[in-house]
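S.K.: One structure is given below, represented as structure tokens, and several questions about it will come after.
The values are calculated or read from the model by the stated rules, or taken from the named source; none is laboratory data. Here the structure is a predicted model, which means the values were calculated and not measured. Virtual Cβ from ideal backbone geometry, glycine too; neighbours counted across all protein chains shown. Areas reflect the complete protein model, heavy atoms only, side chains present, ligands, DNA and RNA absent. Shrake-Rupley method; radii C 1.70, N 1.55, O 1.52, S 1.80 Å.
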Amino acid sequence: QVQLVESGGGLVQPGGSLRVSCTASGTIFAMNAMNWYRQAPGKQRELVARITTGGSTNYADSVKGRFTISRDNAKNTVYLQMNSLKPEDTAVYLCNFVRNRAYWGQGTQVTVSS
């Protein structure tokens, strides 16, 4: 049974930093490209960052230069380091991969507010 579990969300002030994590089980993690999405209230789910099996990365324009996605295959974990956070980054952050079907975690709330 595939399971994705996110952690590390919380409340942070504008300009602050936060790192969220997603740990996978029930899958050969190293074989999956991994994605971070976010969903804010009343908005569509947005792809934030992606990392391939080879470590290549892509980012949404809104987070380029501020967010960094990375992976540790030995720990079956993908990370999203978020710096210079803005109020508009407030959302539930979810990790995802696709292998025959899409798999999602439950999400972790990130709130950027003073």
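S.K.: For region 1-34: of the residues being in a loop (DSSP other than H, G, I, E, B) and in contact with a Gly (Cβ under 6 Å, 6 or more places away or on another chain), which is surrounded by the fewest Cβ atoms within 10 Å (Cβ to Cβ)?
M.R.: GLN1
S.K.: Can I ask one more? Please count how many residues of region 35-44 are polar (S, T, N, Q) and open to solvent by 30 Å² or more (accessible area, probe 1.4 Å).
M.R.: Qualifying residue count, region 35-44: 2.
S.K.: Report, by residue number, each residue of region 8-35 that is closer than 14 Å to LEU85 by Cβ and out of contact with any helix residue (DSSP H, G or I) (no Cβ under 8 Å at 6 or more places or on another chain).
M.R.: Selection gives GLY8, GLY9, GLY10, LEU11, VAL12, GLN13, GLY15, GLY16, SER17, LEU18, ARG19, VAL20.
S.K.: Identify all residues within region 45-65 that are open to solvent by less than 70 Å² (accessible area, probe 1.4 Å) and either of a type in the set (Lys, Arg) or in contact with a Leu (Cβ under 8 Å, 6 or more places away or on another chain) (or both); write none if there are none.
M.R.: Within region 45-65, VAL48, ALA49, ALA60 qualify.
S.K.: Tell me whether region 40-54 contains one or more residues that are assigned to a strand (DSSP E or B), basic (Lys, Arg) and under 11 Å from the mean Cα position of the chain (by Cα).
M.R.: Yes, there is a match, as at least one residue in region 40-54 is assigned to a strand (DSSP E or B), basic (Lys, Arg) and under 11 Å from the mean Cα position of the chain (by Cα).
S.K.: Hey, another quick one. Output the residue which, of all residues in region 96-114 that are assigned to a loop (DSSP other than H, G, I, E, B) and open to solvent by less than 20 Å² (accessible area, probe 1.4 Å), is farthest from ARG19 (Cα to Cα).
M.R.: Selected residue: GLY105.
S.K.: Search region 61-90 for residues that are without any contact (Cβ under 8 Å) to a residue 60 or more places away in the chain and pair each with any residue that is charged (D, E, K, R) and surrounded by 13 or more Cβ atoms within 10 Å (Cβ to Cβ) when their beta-carbon atoms are under 6 Å apart and the residues are at least 6 apart or on different chains.
M.R.: That search, which allows pairs on different chains as well, returns VAL78/ARG71.
S.K.: For residues that are touching a Ser or Thr at 6+ places or on another chain (Cβ under 8 Å) and among the aliphatic types (A, V, I, L, M), scanning just region 73-93, find the one that is most open to solvent (accessible area, probe 1.4 Å).
M.R.: Across region 73-93, the extreme among qualifying residues is VAL92.
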